[in-house]
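Trainee: Have a look at the structure that comes next, please.
The values are calculated or read from the model by the stated rules, or taken from the named source; none is laboratory data. Because the structure is a prediction, the values reported are computed rather than measured. Positions of Cβ are backbone-derived with ideal geometry, glycine not excepted, and every protein chain shown enters the neighbour counts. Surface areas here come from the heavy atoms of the whole protein model, side chains and all, with no ligands, DNA or RNA. Shrake-Rupley method; radii C 1.70, N 1.55, O 1.52, S 1.80 Å.
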Amino acid sequence: MSTSRIYTVGIVGARGHTGAELIKLIAAHPQLSLGFVSSRELAGQPVADHHAVERGSAPLLFENLDADAVAAKGVDAVILALPNNLSAPFVTALDAARPDTVIVDLSADHRFEGSWYYGLPELTRGDYTGQKHISNPGCYATAMQLAISPLLDQLAGPPQCFGVSGYSGAGTSPSDKNNPELLRDNLMPYALTNHVHEREVTAHLRVPVEFMPHVAPHFRGITMTVNLWLQQPLAREQIVDAYRRFYANEPLIEILDEAPWVSRIAGRHGVQIGGFDVAPGGKRVVVVATLDNLLKGAATQAMQNLNLALGLDELTSIPH
């Protein structure tokens, strides 16, 4: 376990909501230092004008860096907070110039590649064997997998997942899905089959999953309501006990008796799972999971993965 070394970290795509959360977590980390922050839109502006970071004698500026420029920075780790389908040039340049760089990709680009470690720590940290390439799971996909996994070996059919996200999940580029005027008094369904997170969960849990996403007027936080059909009847107490045992040693996962509220998870780094309503007959259970899509759904999970890759305590800088 490293105790004193300072590791340098760069962020590519830092204008977005997740980039802002990453900067906060890195600023609070005793062994990480921001080596660079790349944002095309904010290039030239001091990072400290936008985020609570230390103002040094040479203030850190946002830069507009291409892949080769990122690789030339020579940092220990790079977090790619880019939209889907944009990571490849950065990975190629970093692998060529400095193959020991830890790369954490927040996009979906590498979530289906066996050569990348898929970093949902509560479920996959046992698969980590020192890989330098880490794919951060999707926000909805994190909620689904954590809600389903304790009963995975009991399932009699595909889980049905009804997801609702705050509009920060739609990013900062203007669209109907992050337009507060269009969302007011509204719930907007979209991508109701074959969503990338549906394919992601199906691939990693190795069972078909059905997922129906929606975006709501609140800014941040996901509610995931999951309908599970079981092979054998189970009492509610057995189900709750299964979840408590499965996550007994996970500080970021809280098992509640009642269904969690999204308003209570916003700004928090963990996951709440509860509800556990069992239909007559004992073979159908409905479970609700909530998490902050910008934190455990993105930045917090990236920090867990980065800490793991650097040999640091997984929860360093993460309030819990």
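Trainee: Would you work out which of Y247, Y118, G10 lies farthest towards the positive end of the dipole of the chain? Charges go on Cβ: Lys and Arg +1, Asp and Glu -1.
Mentor: Y247
Trainee: While we're looking at this one, here's another question. List the GluC sites (Glu not before Pro) within the range 1-91 that fall in a DSSP loop (any state other than H, G, I, E or B) and whose Cβ has at most 15 other Cβ atoms within 10 Å. It would help to have the intermediate numbers written out before the result.
Mentor: Values: sites: E21, E41, E54, E63; in loops: E41, E54.
Filter output for the range 1-91: E41, E54.
Trainee: Fully extended, how many nm does the chain gain between A69 and A28 (0.36 nm per residue separation, minus their Cα-Cα distance)? Please list the in-between numbers first.
Mentor: Details: separation 41, 0.36 × 41 = 14.76 nm, distance 2.61 nm.
Taking A69 through A28 to full extension adds about 12.1 nm, to one decimal.
Trainee: Continuing with this model, one more query. Would you work out the Kirkwood radius for the range 158-267? I mean one over the mean of 1/r across all pairs of different Cα atoms, in Å.
Mentor: 16.0 Å
Trainee: Something else about it: Could you tell me the center-to-center distance, by alpha carbons, between the range 20-81 and the range 121-169 in angstrom?
Mentor: 29 Å
Trainee: OK, next. Expressed as an acute angle from 0 to 90° and rounded to the nearest 10, what is the orientation of the C-alpha long axis of helix 17-27 relative to the principal long axis of the chain?
Mentor: Long axis of 17-27 versus the principal axis of the chain: about 70 degrees.
Trainee: May I ask you to give the percent of accessible area on the chain that is carbon plus sulfur, with a probe radius of 1.4 Å?
Mentor: Working: 7110 of 13840 Å².
With neighbouring chains kept in place, the figure for the chain is 51 percent.
Trainee: With all pairs of different alpha carbon atoms counted, what Kirkwood hydrodynamic radius in Å does the range 1-151 show? List each step's numbers first, then the result.
Mentor: Numbers: mean 1/r = 0.0615 Å⁻¹.
After inverting the pairwise mean of 1/r, the radius is 16.2 Å.
Trainee: Using only the Cα atoms of the range 230-303, what semi-axes does the equivalent ellipsoid have when each is the square root of 5 times a gyration tensor eigenvalue? Give whole Å, largest first.
Mentor: The answer is 26, 13, 10 Å, longest axis first.
Trainee: Calculate, for the range 1-98, the solvent-accessible area per residue in square angstrom, rolling a 1.4 angstrom probe over the heavy atoms of the protein chains.
Mentor: Here the residues of the range 1-98 average 49 Å² of exposed surface.
Trainee: What number in nm² do you get for the range 1-43 if you take the convex hull of its Cα atoms and divide its surface by four?
Mentor: On the way: hull surface 12.6 nm².
Answer in nm², one decimal: 3.1.
Trainee: Another question, if that's okay. Going through the cross-link list K177/K283; K73/K177; K24/K132, which pairs have a Cα-Cα distance over 26 Å in this structure?
Mentor: Checking Cα-Cα distances, K177/K283; K73/K177 exceed 26 Å.
Trainee: Roughly what % antiparallel, to the nearest 5, for the DSSP beta bridges in the chain?
Mentor: 45 percent
Trainee: Hey, what's the per residue convex hull volume over the C-alpha atoms of the chain, in cubic angstrom? Provide the component values of the computation, followed by the final result.
Mentor: On the way: hull volume 42.0 nm³, N = 320.
Residue-normalised Cα hull volume stands at 131 Å³.
Trainee: Rg and Dmax of the range 1-84 over Cα atoms: what are they, in angstrom?
Mentor: For the range 1-84, the Cα radius of gyration and maximum Cα-Cα distance read 12.3, 38 Å.
Trainee: Compute the accessible area per residue over the range 258-320, keeping the other protein chains in place, probe 1.4 Å, unit Å².
Mentor: 32 Å²
Trainee: Report the Rg/Rh value for the range 103-215, based on alpha-carbon coordinates and the Kirkwood definition of Rh.
Mentor: Expressed as Rg/Rh, it is 1.00.
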